[in-house]
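Coordinate-derived values only; no laboratory data. If you're wondering where the values come from, they're calculated on a predicted model, not measured in any experiment. Cβ placement follows ideal geometry from the backbone for every residue including glycine, while neighbour counts extend to all protein chains displayed.
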Amino acid sequence: MTNVEIRYNPFLVNTEIFINNKPSKGQWKTYQKTRLQQWLADLFPYLMDECNDDLKVTFRGTQLDFEDIKAAADEYMKQYKNVHIQLDEPIIAPDAEARMNNLKGLFEKLHAECPFEDLRSDDVRKKFEEAMSSKFKVSVIATMSSGKSTLINAMLGADLMPAKNEACTATIASIEDHDELSEFEAVCKDEDGNAIFNCKPLSAEKMAEYNDDPRVALIDIKGNIPFVTSQDMQLVLEDTPGPNNSRTEEHKKHTYKVIDEESKPMVLYILNATQIGTNDDDYLLTKVANAMKVGGKQSRDRFIFVANKVDAVDPDKESLPDMLKHVREYLVQHGIDNPSVYPVSAEFAKVIRLSEQGQTDLTKTQKRKVRNAPETFNDDEDMHLEQYAPLSVASKYKLEKCVQQLKQSDDEDAEINEALIHTGVPGVEFTIREYLDKYALTNKIESAVNTFLSKIEEKQLMGQLMETLTADEGKRKAIQEQIQLFEKQIQSGGTDEMMKKMDSSIEKVKSQINDKGISIFEHFNKMVTGVDAYAEIPLDEASTIIYQLKQLSTQIQSDLQSQLEKMIQDTVAVTANQLIQDYNAQYKELLAGQSINKDIMNSIDVIMTDMPGANDFVQKYQEERKWKEKTGTRYVKNENKHWYKPWTWFQEDGHDEDVYALRHVEYVTGSHINDVYVAHISEAIQDNVEEGKFEAKLQAKDFQDWFRNELDNINKIVSQKTKELKNATASSESVQQEIQKNKNKVKWLNNFEEELKHILSI
């Protein structure tokens, strides 16, 4: 048996593996700096390939990551019966919450005690607070009549979102968690982001009014979401209109953008357990399936499928396990392997929570549900819905312990609280919190730590440089010469080479855009299949086919636009990142052919520490682009037809009229449907792609112009740092003064850095 030690640090996103106490050199090393969950399925195959033996595994890391390791080991042994993997007791590192508290304490120490004034500046505080206030989005999506709004209300413990049998979410509503608020409040915005209504406190009646108002595109809500705390992470619950009932094109695109987002927000996909396979969710589920196949376990973890209304399933006709099997089979048919399905009764959970909060205006039906909840869920073990949910070991334990405590409690509300657990909704909430702890909080902590590290690095490099220069006058003069070279380069506007690289990169972007555009067209065009041209289709059937084609065309259009926008963002972002790297390398390349030692390179690093990071740089550009797009002039095809408005496709050719003119005929030919609808949809896809490629090239040109302007600002930063270093190294006397000034300061900073790094250690 081979001893294997796995160390995974989710805060630094770093994996180390030791085989019999020696560093592993296996294939897994290509993923060393990749989040564990993205390649976990390959871990044990790689280890078995390297060791060719049974494994005794010790894990060092967080509890949540260990549970993933255990699940992967169990799955591997299930596949290969002759393999044995023994998991020893793990060495569990402190969780994210404890690290967050330590990090906040360190920041206060920095602000109060740091001897470097610029590290106590408003700029550093602002960046830290931005990192600490980062938001985590959970988007709730569904087609009609799934109980989406009811589930959100159950999670809020408030009857806030409009809930009807028909599709009722017409706007995007985002609910941001604020623990300090006792009531919900809202700001309604139009499609340009302008505030048009304010409401405090927010009521269900007002929400219904805003939802029906065509002027309202977005409702920003703030209030307390009970199952999370905003102290660690600002949770945002987002109620999204279904693609088939969205009011605007931007809303239709939004759902597809959420699915494709690089930040991997969590998605709750709500299904009506009583109507599986009857809704218009085929296209949307296929889209979800494709997203789940990219990015490993994290991509699978972020999608939760909630089978709602299971209490309405007739047990005499179909048992709950059979119904859930049916749901899973339905999802598998759409390409979703091993879906995480959580059965819930959102309505029961909602009325229980409303009752617990003393709400007095419950309807007779709601009051009856509250009274019947213990009998419905507690007395019937088959209705303990949490038992069917794919909960983690930790979550199962917590829920079971809670149920046991309630059964032993004399509290008059114990029975109703137990029933709440059995509705399945708390299990969904536990899973959201786990995803937050496993992925979102670890990213947040790393981001917050990094707000300090570049500044600390600069001070340390300066200290090291001064120490070196005091002992070697020749090095001081050499560095002065290099500084003068820097100054000369900047002052002469010596960025021509950089601009040539940038121009070349933009030309490559245009070529990439063309290739990607062709690929996107082929992908979407395959989805549009016609009907038998010679078929004689009855009118009622023809109407159904045409309805489905129109629905498909709308969904394809929204997804297509989302894909085109992502293509633009990706190509521009990749280019921007490369250009920033090239820019950083440019000044070091100036020294090519000269005698460069470590001390001179340190002086260059001091100058370059305030350079903007590539991500910040790209974000700044994208924000400017967002502002520019508000004019809406880029997407206009002609005066009457816009590429992002599918309803205009049919206006020119009068397609609807062609169908209704055939009412006196007993059938419609397949060729007629193909000529009128299928051919036109394919043509529209082609037109859209061409418009998207054109827009992308315009954006590439805009980026080119923007980068030229930004380069001047960046050069000013570099010039200022160069000046500071020049003054500090002007003479032996100034070097001595700098050393004396910084000696104690650097010592304090080194100690602070050690404390900071300890927060990220496992």
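Values as computed for the structure displayed
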read-out	value
Peptides ranked, highest mean first, by Cβ atoms within 10 Å: ranges 310-321, 283-294, 4-15	4-15, 283-294, 310-321
Total charge dipole magnitude, the stretch 2-92, about the Cα centre, Cβ charges on Lys, Arg, Asp, Glu only, Debye to nearest 20	260
P(r) weight above 20 Å for the stretch 136-346, C-alpha pairs, percent	57
Farthest positive-ward along the stretch 2-92 dipole, Cα basis, beta-carbon charges - from F59, I69, T34	T34
Surrounding net charge for P390, when Lys and Arg each add one and Asp and Glu each subtract one, Cβ distance under 11 Å	+1
Amide proton proximity set for M161, modelled H, under 5 Å, gap of 5+	N153
Highest-first arrangement of 349-359, 374-384, where packing means the average Cβ count within 10 Å	349-359, 374-384
Around I19: net Lys/Arg minus Asp/Glu count, Cβ-Cβ under 14 Å	-1
